[in-house]
Each structure stands twice: as structure tokens, then as C-alpha cells.
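Please read the structure below before turning to the comments.
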Amino acid sequence: PERMALFSRRAPALQRLGNRDWKTEAELAEIAAELRQDRPRPADAIPLCWHQDAEARRIGTELLLHKPSVALGLSIVELGMDRPVRDRRYALQVVALFADALASETVERLVADADSGKQRAGWELVLLMRVGAVRNRLLERATREAPTGVRLAALKVMGESGAATTMVPLLIELTGHEDWRLVQAAFEALAEVNDDRVLDVMLRTLSDGT
């Protein structure tokens with residue numbers, strides 16, 4: 001009987017967390033401990049991404065990151081697409097915490113989808129990934145293939161993160177683009193780079209009066 005009572009108390013832990021069925025911090029800590037011990041299916045914890053309580057979101061994120069996968073990442077993004085902007089961004093931030101290989105594959109699957117909303121979500125995920133070679137590769141691709149708004153954001157991230165130093169040829173190419181917004185963003189990213197090729201472009205631009 002004691003074991004059965006213990007099981008029945010633990011079984012609804014995820015539901016109790018989702019319903020905010022706790023009154024004290026101690027009760028919340030007990031729910032979290034049960035979840036860490038029982039480890040429910042990560043997919044069942046996805047709704048916690050947009051829980052109103054910050055601690056519940058944190059616990060949910062911990063559960064999702066315990067056993068991440070591309071399939072889980074896709075589910076998180078897809079379920080978040082119809083949510084308010086804040087919730088949608090948080091869902092993307094969770095997937096961005098996946099290991100680079102998993103996050104990268106999730107991006108590839110999303111941008112290859114026929115649904116334009118999923119494509120955009122994939123490009124936005126790139127902007128949130130951890131700094132490194134994998135994100136730099138995807139940033140470069142985003143500046144070539146993504147919608148203009150995302151391309152501009154990618155160029156800004158390049159300049160702020162130092163990634164521009166590895167993408168000088170691409171940025172120089174964009175200074176000749178027909179869209180003045182991309183041209184301006186490319187120059188702003190190049191302004192963070194100490195490279196003779198950049199100086200040549202700047203001088204040539206000034207001499208041309210452009």
C-alpha cells in the first residue's frame with residue numbers, strides 16, 4: 001500500500017506542475033524532485049515552455065534538455081509557432097540549447113520544409129544558437145538564403161559576435177547588393193573587422209561617392 005501511494009503521488013507530477021498545483025516552494029521542489037526521478041517523456045513537457053511561472057518553465061526546460069533529439073526540437077518549434085511571440089521565441093531558445101549537431105539538423109529540417117512559417121522559424125533558430133563554427137556556417141547560409149528581415153538580423157549578429165572576421169568575402173559581396181538595407185548592414189558588420197580587404201572596399205566606396 002505504501003508503494004502504491006508513493007506511485008500515485010508521483011504519477012501526476014507533470015500535471016500538477018502544468019496546473020500550478022502547489023502552494024509553497026517546498027511543494028514545488030517536491031514536484032521537481034519527482035519529475036527528475038521519474039523522467040517523463042520529454043515531449044510531454046513541451047507545454048511547460050510557455051507556462052506562466054518562471055520556475056515551472058525552468059523545470060520544463062531541464063526535462064526537455066535531458067534527452068534532446070531532432071524530433072523533439074521540431075515538435076517544440078512547431079507547437080510554438082501558433083503561440084504569442086514571447087512564447088514562440090522561448091521555444092526557439094530551448095532548441096538553441098541543444099548540442100550543435102542536433103540544433104543544426106533541426107534547422108536543416110525546418111528550412112527545407114515547404115511551409116514558409118517553419119522555414120522562417122529555422123532561420124530564426126540560427127540566430128539564437130550558441131556561438132561557434134556551426135552557427136557561423138549557418139549564419140553565412142542565412143545571409144544568402146533567408147528572407148530579408150532574417151538576413152539583416154544575421155548580418156547584425158555577425159558583427160556583434162565577431163563572426164564577420166571569418167566571412168569577409170561574403171560581406172564584401174553584399175556591399176554590391178541591390179537592396180540598400182543589406183548593403184548598409186554588410187558595411188556595419190565589416191566595420192568590426194580589421195582586414196586590408198575591408199579597407200580597400202571602404203576606400204573604393206568613398207572614391208566612388210557611394
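Brief remarks follow.
- Summed side-chain charge close to residue 184 - residues other than residue 184 whose Cβ falls under 15 Å, Lys, Arg +1, Asp, Glu -1: -2
- Residue-by-residue Karplus 3J(HN,Hα) for the stretch 175-183, coefficients 6.51, -1.76, 1.60, Hz, glycine and proline x: 5, x, 5, 6, 8, 4, 5, 5, 4
- Between 128, 97, 199, the Gaussian network model of the chain with springs among Cα atoms under 10 angstrom shows the greatest mean-square fluctuation at 199.
- Ordering 172, 32, 104 by Cα displacement along the dipole of the chain toward the positive end leaves 32 in first place; charges were set at the Cβ atoms of Lys, Arg (+1) and Asp, Glu (-1).
- Cβ-derived FRET efficiency at R0 41 Å, residue 204 paired with residue 67, nearest 0.05: 0.20
- The relative contact order of the stretch 135-210, computed from alpha carbon pairs under 8 Å that lie at least 6 residues apart in sequence, is 27 percent.
- Local electrostatic count, residue 77, Cβ distance below 14 Å [Lys/Arg +1, Asp/Glu -1]: -2
- Phi to ³J(HN,Hα) by Karplus 6.51 cos²θ - 1.76 cosθ + 1.60 over the stretch 18-33, Hz, x for Gly, Pro: x, 8, 6, 8, 8, 10, 10, 4, 5, 5, 5, 5, 5, 4, 4, 5
- Total formal charge among the other residues, if their Cβ is under 13 angstrom from that of residue 88, Lys/Arg +1 and Asp/Glu -1: +1
- Ignoring lysines fewer than eight residues from residue 118 along the same chain, the ones with Cα atoms less than 27 angstrom from its Cα are 67, 156.
- Reducing the stretch 169-188 and the stretch 107-161 to their Cα centroids gives an inter-centroid distance of 17 Å.
- The stretch 50-202: relative contact order in percent, alpha carbon pairs under 8 Å with at least 6 residues between: 14
- Under the Karplus curve 6.51 cos²θ - 1.76 cosθ + 1.60, θ = phi - 60°, whole-Hz ³J(HN,Hα) for the stretch 144-153, x wherever Gly or Pro sits: 9, 10, 6, x, 3, x, 6, 4, 5, 5
- Apolar share of the accessible surface for the chain: 51 percent from carbon plus sulfur atoms, 1.4 Å probe.
- In the context of the full set of protein chains, the chain has a per residue accessible area of 56 Å² (1.4 Å probe).
The values are calculated or read from the model by the stated rules, or taken from the named source; none is laboratory data. Computed from a prediction, not measured in an experiment: that's the story for all the values here. A quick note on method: Cβ atoms are made from the backbone with ideal geometry, for glycine too, and the neighbour counts reach across all protein chains shown. Surface accessibility is based on the protein's heavy atoms, side chains included, excluding ligands, DNA and RNA. Shrake-Rupley method; radii C 1.70, N 1.55, O 1.52, S 1.80 Å.
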